[in-house]
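The values are calculated or read from the model by the stated rules, or taken from the named source; none is laboratory data. Fair warning: this is a prediction, and the values are worked out from it, not measured in the lab. Note: ideal-geometry Cβ built from the backbone for every residue, glycine included; neighbour counts use all protein chains shown. Just the protein is used for accessible areas: all its heavy atoms, side chains included, with ligands, DNA and RNA removed. Shrake-Rupley method; radii C 1.70, N 1.55, O 1.52, S 1.80 Å.
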Amino acid sequence: DAGITQSPRHKVTETGTPVTLRCHQTENHRYMYWYRQDPGHGLRLIHYSYGVKDTDKGEVSDGYSVSRSKTEDFLLTLESATSSQTSVYFCAISDSGTGADTQYFGPGTRLTVL
Amino acid sequence: KQEVTQIPAALSVPEGENLVLNCSFTDSAIYNLQWFRQDPGKGLTSLLLIQSSQREQTSGRLNASLDKSSGRSTLYIAASQPGDSATYLCAAFSTGNTPLVFGKGTRLSVIA
């Protein structure tokens with residue numbers, strides 16, 4: 001299995017509080033991604049990174065920000081959590097962004113916003 | 001905008017049966033088509049990746065095909081086993097700010 005960890009694995013928080021999720025990889029892959037998975041919607045891309053300090057928005061980026069100060073770490077921040085952000089969040093990595101290789105997924109973080 | 005559809009949403013088969021999972025996509029300008037497996041409460045595991053120039057890929061009892069002209073891919077599972085029970089997702093890789101677009105998956109149950 002690709003070396004991807006996510007922390008925390010579970011979190012319960014209250015509306016309006018800031019939340020940061022961490023993705024850590026040991027594969028030295030260039031690309032890192034944050035997805036959310038919801039019943040009825042499937043997996044949707046939030047943000048992705050194509051290098052240190054290089055990030056771009058995905059399909060559902062509103063209310064989320066990201067940072068990547070090191071190759072191995074990609075942080076997802078909810079500045080002011082809302083109940084609509086209750087979801088399972090997955091981090092993924094890939095060596096290239098060209099589609100020549102697959103994406104490897106972390107175990108996920110289950111976030112509940114009350 | 002690419003859209004990926006998987007039908008049926010759920011499928012139940014007896015052990016030993018050969019089965020086919022379907023995936024369709026709206027934009028044929030893809031770089032590849034990927035199949036993933038997801039067990040309950042777990043992340044996704046890559047099963048097969050078919051490049052746009054390929055027609056099929058095989059791994060063990062799994063065979064995935066790609067027909068870009070018709071916007072379809074199939075995942076064939078031979079001699080199904082209870083351990084194959086999981087949700088199977090396909091994803092199309094193309095250009096844009098959402099390069100990998102996922103279907104909602106087919107939940108497969110193989111009954112012993």
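Tabulated data
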{"read-out": "Condition met for A:ARG68 (open to solvent by less than 50 Å² (accessible area, probe 1.4 Å), basic (Lys, Arg) and part of a strand (DSSP E or B))", "value": "yes"}
{"read-out": "Failed condition for A:THR98, given (1) of a type outside the set (Asp, Glu); (2) over 20 Å from B:VAL4 (Cβ atoms); (3) free of Cβ contacts under 8 Å to residues at least 40 places away in the same chain", "value": "(2)"}
{"read-out": "Residue that is surrounded by the most Cβ atoms within 10 Å (Cβ to Cβ), among those in the range B:1-52 that are away from chain A (no Cβ under 13 Å) and among the acidic types (Asp, Glu)", "value": "B:ASP27"}
{"read-out": "In the range B:93-112, residue nearest to B:ALA29 (Cα to Cα) [restricted to those that are assigned to a strand (DSSP E or B) and under 10 Å from the mean Cα position of the chain (by Cα)]", "value": "B:PHE102"}
{"read-out": "Search result, residues across the range B:67-104 that are within 13 Å of another protein chain (Cβ to nearest Cβ) and either over 19 Å from A:GLY58 (Cβ atoms) or open to solvent by 30 Å² or more (accessible area, probe 1.4 Å) (or both)", "value": "B:THR87, B:TYR88, B:THR95, B:GLY96, B:ASN97, B:LYS104"}
{"read-out": "From A:PRO8, A:PRO39, residue being within 11 Å of chain B (Cβ to nearest Cβ) and either open to solvent by 40 Å² or more (accessible area, probe 1.4 Å) or at pLDDT below 95 (or both)", "value": "A:PRO39"}
{"read-out": "Scan of the range B:25-76 for residues that are free of Cβ contacts under 8 Å to residues at least 60 places away in the same chain, farther than 24 Å from A:TYR104 by Cβ and charged (D, E, K, R), ordered by number", "value": "B:ARG55, B:ASP67, B:LYS68, B:ARG72"}
{"read-out": "Among (1) surrounded by fewer than 18 Cβ atoms within 10 Å (Cβ to Cβ); (2) more than 9 Å from chain B (Cβ to nearest Cβ); (3) within 17 Å of A:ARG9 (Cβ to Cβ) - the single one A:SER96 does not satisfy", "value": "(3)"}
{"read-out": "Filter result (under 13 Å from the mean Cα position of the chain (by Cα), more than 25 Å from A:GLY108 (Cβ to Cβ) and modelled with pLDDT of 95 or more) within the range B:1-24", "value": "B:LEU19, B:VAL20, B:ASN22, B:SER24"}
